[in-house]
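Worksheet for the structure shown next.
The values are calculated or read from the model by the stated rules, or taken from the named source; none is laboratory data. The shown structure was predicted, so the numbers you read here are calculated from the model rather than taken from an experiment. Positions of Cβ are backbone-derived with ideal geometry, glycine not excepted, and every protein chain shown enters the neighbour counts.
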Amino acid sequence: MTRQAAACAACVLLLAGGCAGRGKLHPTALELNHRGIAYLRAGDFKSAKASFALAVEYNADYCDALNNLGIVAMRQGDLAGARAFFAKVVKLNPDFSDAWNNLGAIALRTGELAPAADALRKALASNPGHVEARLNLAHVLLLQGRLAEAEAEARTALESGGRTLEALLVLGAVLVEEGDLVHAADTAAEALALDGESAGAWLLEATLRIRMKQTDKAAAALAEADTKAPEEKLWTALGAAHAAAGSPKKALLYFGRALEKNPQDPLAAAGLILALAAGGGGGAGGALAAACAAHGKTAAAFDAGVAAVCK
């Protein structure tokens, strides 16, 4: 994958359902936290938030519930609110590795690579077996161009956490960036064998074929990725892959979708600018307005994303 594509496939956030922060945990708080997790997994954010908040009323330092409130905020697009919850958790309990991972995932998503690496290393210092934190750290290292370190972290995650789809996608992205296309092809094939319905696996296959200059196979893989109803985190990655394949108009559409969900996404905004430059014609302002209009949004939403990059 391109480095932009890799960043969007990571950002693994973790729910917490175990122990209290300090002192004795009220049994009702524990029950409410578990109920909130069930609501969150069912997509009922309102009920999840209410359950976690009530759990915190029983135990103000209940780190699991506070962490889960951060997850709800993240799912609702409130990155600042999520960061505040996770920061409160690690202040209460500096060894709470899931919250450190979640802080790192937010920083990775917003392009703050140094703070992301710092948070993720703290997660691993507390829990060296934290596979999700190790995968997120591999993404950070990839984006920083530290490819040997990124590969080492991805392989460690594979060894300790099993050959999961997430780990294979991270390793595949690193191998493509390193130019090790033979092993990248093996990794992409394994990912597709594990889950042929994964948009991320097809995206890895597409970017691999782009790098190998196999345009027909790249186009077929991109078409498969498009049909898999990609999640928000993959839209920027799809935009990057289409841009690499020489399709700036399609890239614009995917970057536009990503910015609809998160107007402050610096990766999507940067990709939009590059796609506009590659597409030529009408100028950035007109193209931004046209792309916004195509998705029923105002140009202000896209301008906000562009501003995040240009600061």
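Brief remarks on what is shown
- The requirement of being crowded, with 24+ Cβ neighbours inside 10 Å, assigned to a helix (DSSP H, G or I) and among the charged types (D, E, K, R) is satisfied by ASP98.
- Cβ pairs under 8 Å, 6+ apart, first in the stretch 91-115 and touching a residue at least 24 places away in the same chain (Cβ under 8 Å), second outside any helix (DSSP H, G or I) and of a type in the set (Lys, Arg): LEU92/ARG22; ASN93/ARG22
- Condition broken by ALA154, with the remaining ones in (1) part of a helix (DSSP H, G or I); (2) in contact with a helix residue (DSSP H, G or I) (Cβ under 8 Å, 6 or more places away or on another chain); (3) surrounded by fewer than 24 Cβ atoms within 10 Å (Cβ to Cβ) satisfied: (3)
- Odd one out for GLU132, checked against (1) among the charged types (D, E, K, R); (2) within 14 Å of LEU108 (Cα to Cα); (3) over 19 Å from the mean Cα position of the chain (by Cα): (3)
- For the stretch 68-90, the set of residues classified as of a type outside the set (S, T, N, Q), within 20 Å of LEU30 (Cβ to Cβ) and either crowded, with 21+ Cβ neighbours inside 10 Å or in contact (Cβ under 8 Å) with a residue 40 or more places away in the chain (or both) consists of LEU69, GLY70, ILE71, VAL72, PHE85, VAL89, listed by residue number.
- Taken over the stretch 136-151, residues that are charged (D, E, K, R), part of a helix (DSSP H, G or I) and either farther than 18 Å from GLU190 by Cβ or touching a Ser or Thr at 6+ places or on another chain (Cβ under 9 Å) (or both) amount to 1.
- Taking the numbered list (1) modelled with pLDDT of 95 or more; (2) within 24 Å of ILE37 (Cα to Cα); (3) buried (at least 24 other Cβ atoms within 10 Å of the Cβ) in turn, ALA116 passes all entries but (2).
- Residue match in the stretch 128-141 (condition: touching a helix residue (DSSP H, G or I) at 6+ places or on another chain (Cβ under 7 Å), farther than 30 Å from LEU175 by Cα and not β-branched (Val, Ile, Thr)): no
- Qualifying positions in the stretch 84-113 - modelled with pLDDT of 95 or more and basic (Lys, Arg): LYS88, LYS91
- As a summary of the residue check, GLY196 satisfies the conditions (1) over 19 Å from LEU135 (Cα atoms); (2) part of a helix (DSSP H, G or I) except for the one numbered (2).
- Taking the stretch 67-104 as the range and being out of contact with any Gly (no Cβ under 7 Å at 6 or more places or on another chain) and aliphatic (A, V, I, L, M) as the test, the residues that pass are LEU69, ILE71, VAL72, MET74, LEU79, ALA80, ALA84, ALA87, VAL89, VAL90, ALA99, LEU103.
- Every residue from the stretch 101-120 that is assigned to a helix (DSSP H, G or I), of a type outside the set (Gly, Ala, Ser) and more than 16 Å from GLU153 (Cβ to Cβ): ASN102, LEU103, ILE106, ARG109, PRO115
- Filter result for the condition that a residue is out of contact with any strand residue (DSSP E or B) (no Cβ under 6 Å at 6 or more places or on another chain) and over 26 Å from LEU259 (Cβ atoms), over GLU166, GLU153, GLU205, GLU177: GLU153
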